[in-house]
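The values are calculated or read from the model by the stated rules, or taken from the named source; none is laboratory data. Note that the coordinates shown come from a computational prediction; the quantities given were computed from them, not determined experimentally. With ideal geometry, Cβ positions are generated from the backbone for all residues, glycine too; neighbour counts draw on all protein chains shown.
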Amino acid sequence: MAGFVPHLASLEETLCRVAGAVRGRAPGRVLDLGGGPGLLAERMARQWTGAAITLMDIDPVLLALARGALADQVRSLEGDLSTRGWVARTGGGYDLVTVVMTLHYLPPAQVRAFYDDARRCLAPGGLLVVADLMPDEGLPSLMSALDPAPGEAAAELAWAQWWNDIGEVEELRPLLAQRAAIFENRPPAEFTAPGSWHANVARAAGFGEAGILWRCGRHAALTAVA
């Protein structure tokens, strides 16, 4: 999982530094959307030992892994970002909301709705961090963010192999069948708008400030302040 996003460690370091600086203190309530098996949630729980951290995902396999590993540290919820009901499931008043490698599964209209919902989910002055494929066509060709980052192809291969390995775990096969049913008619949108598009949509949703916090090739992280 750590290899799926190139240089994930540097993204985590940047996220933790900025999240602590925005409000002048460590976040007290954190929501990790599309949090998968809980890698980022676990690391944020380790970073901010006093924080109440909630993870939400739609994938029953990944939720089972998160709950098995993090039951004492992280609250886990099932929820669907393609609907408008996820905010009611998670509640509001969060200091930090993160969503990593998840929004590209949604079409543009649902991504716009997400930014509006995320703003309502945050406490005043709270921080949203969105990390995903966000090419920046404005960079010079020698530094093009349209080009894959070093190791990106290997990371995607490792991701596919990881799922193959999961399929060999007998205890998870019923959940894999549930997962197949959930995603049978939900092909990923593969939506990869530039970071400027995300920043403009975040501002239109009511965020006061929005801009690119971190970049590695085609991957970037946007930060927006409620």
Helices (runs of 4 or more DSSP H) lying entirely in the stretch 1-71 (those with 1 or more residues that are in contact with a Ser or Thr (Cβ under 7 Å, 6 or more places away or on another chain) and among the β-branched types (Val, Ile, Thr)): 8-22
Top-ranked residue in the stretch 91-115 [being crowded, with 19+ Cβ neighbours inside 10 Å and in a helix (DSSP H, G or I); ranked as nearest to the chain's Cα centre (by Cα)]: LEU103
Residue match in the stretch 13-21 (condition: modelled with pLDDT of 95 or more and among the aliphatic types (A, V, I, L, M)): no
Some residue of the stretch 128-149 being at pLDDT 95 or above and touching a Ser or Thr at 6+ places or on another chain (Cβ under 6 Å): yes
Of all residues in the stretch 183-226 being without any contact (Cβ under 8 Å) to a residue 60 or more places away in the chain and part of a strand (DSSP E or B), the one that is farthest from GLY126 (Cα to Cα): GLY211
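Could you identify the single residue in GLY92, GLY85 that is more than 27 Å from ALA177 (Cα to Cα) and of a type outside the set (D, E, K, R)?
So the residue among GLY92, GLY85 that is more than 27 Å from ALA177 (Cα to Cα) and of a type outside the set (D, E, K, R) is GLY92.
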Some residue of the stretch 64-85 being surrounded by fewer than 16 Cβ atoms within 10 Å (Cβ to Cβ) and more than 24 Å from LEU175 (Cβ to Cβ): yes
Output for the stretch 23-49, where each listed residue is among the aliphatic types (A, V, I, L, M) and touching a Gly at 6+ places or on another chain (Cβ under 7 Å): ALA26, ALA41
Matching residues in the stretch 87-101 - criterion: being over 15 Å from LEU15 (Cβ atoms) and touching a residue at least 40 places away in the same chain (Cβ under 8 Å): THR90, GLY93
Among the residues listed as ALA180, ALA158, the single one being assigned to a helix (DSSP H, G or I) and over 20 Å from the mean Cα position of the chain (by Cα): ALA180
Of residues in the stretch 177-195 being modelled with pLDDT under 95 and of a type in the set (S, T, N, Q), the one farthest from ASP59 (Cα to Cα): THR192
The listed residue being touching a residue at least 60 places away in the same chain (Cβ under 8 Å) and crowded, with 21+ Cβ neighbours inside 10 Å, out of GLY38, GLY34: GLY34
Odd one out for ASP165, checked against (1) touching a Lys or Arg at 6+ places or on another chain (Cβ under 8 Å); (2) modelled with pLDDT of 90 or more: (1)
First in the stretch 43-69 and closer than 21 Å to LEU8 by Cα and without any contact (Cβ under 8 Å) to a residue 40 or more places away in the chain, second anywhere and of a type in the set (Asp, Glu) and part of a helix (DSSP H, G or I), Cβ under 8 Å, 6 or more apart: ARG43/GLU12; ALA69/GLU42
Verdict on ALA88 being farther than 22 Å from MET44 by Cβ, among the hydrophobic types (A, V, I, L, M, F, W, C) and at pLDDT below 95: yes
